[in-house]
1. What ranking do A:LYS10, A:LYS134, B:LYS75, A:LYS228 get, fewest neighbouring Cβ atoms within 10 angstrom at the top?
2. Among the GluC sites (Glu not before Pro) in the stretch A:129-216, which ones are in a DSSP loop with at most 16 other Cβ atoms within 10 Å of the Cβ? Mind listing them?
3. Amide H neighbours of B:SER53 under 5 Å, counting only residues 5+ apart in sequence or on other chains, H built in-plane at 1.01 Å?
4. Report the net charge of residues surrounding A:HIS135, where surrounding means a beta-carbon distance below 13 angstrom and charges are Lys +1, Arg +1, Asp -1, Glu -1.
5. Tell me the label-point distance for the pair B:LEU32, B:GLU187, using the 7 Å Cα-to-Cβ offset, in nm and rounded to one decimal.
6. Where does the charge balance sit around A:GLY262 when Lys and Arg score +1, Asp and Glu -1, over other residues with C-beta under 10 Å from its C-beta?
7. Tell me the Kirkwood radius of chain A: reciprocal of the mean inverse pair distance over distinct alpha-carbon atoms, in Å.
8. At 7 angstrom along the Cα-to-beta-carbon line, where would the label on B:GLN15 sit relative to the other copies? Give the distances in nm, shortest first.
Protein chains: 2
Amino acid sequence: MSTDGSVLDKISASQGLLAVTSGEFPTVLHQLLAPWHHCGDSLPLLLGGMVGSQQGWREAPYVSVPASVASLSEKLVLVELGNGQSGWIVPGFSAINQAGLPDVMRGEELQLLGLAALAPTPRLRAILPGTHSKHAVLCGDVVQSFNTFMTGELFSLLKHHSILGRQLPVQQPCQTSFLKGVDASLEGGLSQVLFSVRTLRLFEQIPIQAVESYLSGLLIGSELAALKGAGTPLFVVGDEGLCQWYLLAMEWLGVHAEFISGDRCFLVGMTQIYQQLKESRHVS
Amino acid sequence: MSTDGSVLDKISASQGLLAVTSGEFPTVLHQLLAPWHHCGDSLPLLLGGMVGSQQGWREAPYVSVPASVASLSEKLVLVELGNGQSGWIVPGFSAINQAGLPDVMRGEELQLLGLAALAPTPRLRAILPGTHSKHAVLCGDVVQSFNTFMTGELFSLLKHHSILGRQLPVQQPCQTSFLKGVDASLEGGLSQVLFSVRTLRLFEQIPIQAVESYLSGLLIGSELAALKGAGTPLFVVGDEGLCQWYLLAMEWLGVHAEFISGDRCFLVGMTQIYQQLKESRHVS
């Protein structure tokens with residue numbers, strides 16, 4: 001990233017937390033960053049997400065919300081890269097959520113900080129769809145509260161391992177079936193309406209190629225039932241393909257929301273952390 | 001079974017629908033019943049459950065509720081056993097459930113008919129816990145409506161395939177954690193509260209050996225949230241071990257219910273069907 005926040009180059013690898021043996025983090029990072037070795041070893045390095053979890057490189061304890069960018073950058077955890085260089089792990093957030101239960105995030109906090117900078121309003125709500133979808137409330141650059149919904153993981157489990165996904169032909173995205181699922185989600189609790197994925201297929205009331213779209217509508221609809229705070233600006237942050245389904249459901253439910261790229265928010269969030277770090281003179 | 005409904009002998013095999021190749025049903029049945037061949041081939045044979053599904057031996061189309069014992073026994077489907085003998089498949093029920101969605105059962109209808117005979121009241125509610133738990137309303141021997149909850153399947157999926165069940169030590173049943181889960185289920189929709197299985201473990205607010213008990217409480221609590229019809233007698237029908245957890249949750253929630261053995265209800269239900277069949281002179 002250049003100092004103005006634009007991306008100069010990008011390296012991606014599908015090498016998650018569970019693929020790295022404990023103690024091997026510096027080596028794996030060194031290998032991943034090999035294409036940038038010609039830039040010298042002086043680039044500042046910030047790390048976010050599960051790398052700071054108990055099972056990660058080094059634990060970066062959660063910061064309790066309400067919390068701001070500043071509070072995150074004060075709690076960065078230093079790691080040695082093994083070549084004299086060092087990096088900083090950004091901690092995640094913890095909260096007591098809307099349901100009064102403990103909640104955590106790692107990685108999404110950077111998107112939220114970026115969102116706060118990109119959409120400066122006194123108060124906003126954000127939905128970050130994904131395996132563990134997050135709903136958050138922000139006041140300025142302070143994350144006030146958030147709640148995790150296991151929507152993406154439930155979809156994957158039910159599709160791959162349950163009776164609902166058994167012996168399905170190749171699936172096609174179908175807006176009508178998706179919205180039928182959203183409607184059904186309004187009629188009862190999730191465990192009460194979920195079996196309709198089976199019965200609507202059995203009675204041919206949804207196309208057999210659209211069973212997953214209906215399931216997706218049911219799950220996203222159930223998630224959106226928790227939306228509170230009408231009148232507060234609402235943003236959907238993440239991958240555009242997935243976010244479009246959330247926006248479609250919300251339009252259907254009469255809820256206005258705006259899309260912002262999750263990658264863009266992440267970079268702006270990381271830039272904020274970096275600026276704070278620079279100001280506190282930890283790095284040049 | 002003797003003519004008074006008592007069990008003379010029993011054969012069990014864990015050989016479900018998916019284990020039998022289409023067309024092989026008569027052969028498999030013949031092998032299963034080998035220990036009874038010395039009784040001669042004249043015993044009447046009634047078959048219930050998935051054997052009558054689209055993927056079963058022969059499809060026995062669903063009977064729509066409201067429906068009684070009589071309506072089921074009028075819709076029995078004849079199958080030839082291949083040795084000159086025949087049997088009757090009992091059809092399942094279909095319904096439009098509480099959520100206004102199509103619903104089905106196969107096998108549980110026999111337990112419901114047995115329950116109606118064992119607990120004759122003008123109106124009762126029944127919960128049949130299991131992989132696909134059923135809630136039903138009966139008026140006399142007429143099944144009025146029912147609703148399926150995927151509680152058992154969700155528990156198994158989340159335990160075996162989700163992040164919630166990952167790297168757990170051997171689990172111990174724990175009533176305190178179970179009831180903590182029931183309490184949590186009251187605080188939000190299932191997808192909203194489910195992640196607390198992860199966070200309560202992370203923050204050591206439930207014993208690591210009791211994670212599954214907490215998950216079970218969450219799921220059963222979510223299912224019981226749909227209970228309506230206070231004042232109507234409520235029965236929990238099934239395996240005693242599983243039903244005790246439902247009864248514990250209901251006692252905690254201040255809901256009175258009574259346990260009846262699912263096997264006993266099944267046998268009484270089958271006997272009812274057999275009596276109807278005899279009266280209509282299909283069998284001696």
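1. Least to most surrounded, the residues fall as A:LYS10, A:LYS228, B:LYS75, A:LYS134.
2. A:GLU187, A:GLU204
3. Hits under the 5 Å cutoff: B:ALA60.
4. Numbers: positive: A:ARG125, A:LYS134, A:LYS228; negative: A:ASP103, A:GLU108, A:GLU223.
Local charge sum for A:HIS135: 0.
5. My value for the distance between the label points is 4.5 nm.
6. It works out to a net charge of -3.
7. Result for chain A stands at 20.5 Å.
8. Distances to the matching label points in the other copies: 5.2 nm.
Taken together, the values in this text are just the output of simple stated rules run on the coordinates, not laboratory data. Just so it is clear, the model here is predicted, and its values are computed rather than measured. Note: ideal-geometry Cβ built from the backbone for every residue, glycine included; neighbour counts use all protein chains shown.
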